[in-house]
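The structure appears right after this line, and notes come after that.
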Amino acid sequence: MRPEKKHELPDSFFSLVLLIDDQAFVGDTMARALAGQPDIDLHFCPNPLNAIETANALNPTVILLDLVMPQLDGLALLREFRKNPATAQVPIVVLSAEEEAQTKSDAFAQGANDYLVKIPDMVELRARIRYHSWAHLNRLKREEAYHALQESQQALARKNTELCFMNEEFKKALAEVKELRGLLPICSCCKKIRDDQNYWRQIDSYVSEHTDVTFTHSLCPECYSNAVKEWNEQNTRN
């Protein structure tokens, strides 16, 4: 027998195998073949009627399923595994003494990931267990990363929405500051405005400070006429 090639797998990689077969000697044979593999843990279920419950509790990385069993047909159990949420994506390797193409076709049509004629070569069996387990665990990691990315994107979208809202509120507040809203105390005589520090200020300096307005100073026609009139009167008196 050729030496088994060493697979380059992560240090944390581990295969949890559930074997479902009504024949005890198959379970014993598999157990002996996998006993020296520290990265493969085999669990045997001789009663197919308990297979779904066992799989739900075990959470295997790969299922080895006998096709012909007296209590429950293997294809029927395969369909149940695929309908069960906990095992819908778990790799299932069908074990059968039958080599007919139609039997294999039926197994794959019902959701099998692989097909081995039992009892298979143990080197090949270990390789397939590791391959399907590794693929299954990688898929779970990708899905976990995808869900984490989705949650991150959703959180970012919520933050962007909050920032947009805060920006709009800031713009409104800034507009209100520049608009000079509310009551302003103004002297009815000199027209000065009292500011928040209780100082009386010229209206032009106050408005310039609180708005974008810039003042240029000149005379309106009425004031100009009054100024000219006053200047003429002063010159006449002199």
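Worth pointing out:
- Selection within segment 43-70 - more than 14 Å from residue 90 (Cα to Cα) and surrounded by 20 or more Cβ atoms within 10 Å (Cβ to Cβ): 45, 48, 66, 67, 69
- Condition check for residue 144: assigned to a helix (DSSP H, G or I), more than 17 Å from the chain's Cα centre (by Cα) and free of Cβ contacts under 8 Å to residues at least 12 places away in the same chain: no
- Within segment 76-89, none of the residues are exposed (fewer than 15 other Cβ atoms within 10 Å of the Cβ) and more than 36 Å from the chain's Cα centre (by Cα).
- Elements of the type strands (runs of 3 or more DSSP E) sitting completely within segment 25-119 and holding at least 3 residues that are under 24 Å from residue 140 (Cβ atoms) and touching a residue at least 24 places away in the same chain (Cβ under 8 Å): these cover 40-45, 62-66, 92-96.
- Considered as a group, the residues in segment 70-100 that are aliphatic (A, V, I, L, M) and modelled with pLDDT under 90 include one that is nearest to residue 125 (Cα to Cα), and that residue is 97.
The values are calculated or read from the model by the stated rules, or taken from the named source; none is laboratory data. Bear in mind that the values here come from a model prediction, so they are computed numbers and not experimental data. A quick note on method: Cβ atoms are made from the backbone with ideal geometry, for glycine too, and the neighbour counts reach across all protein chains shown.
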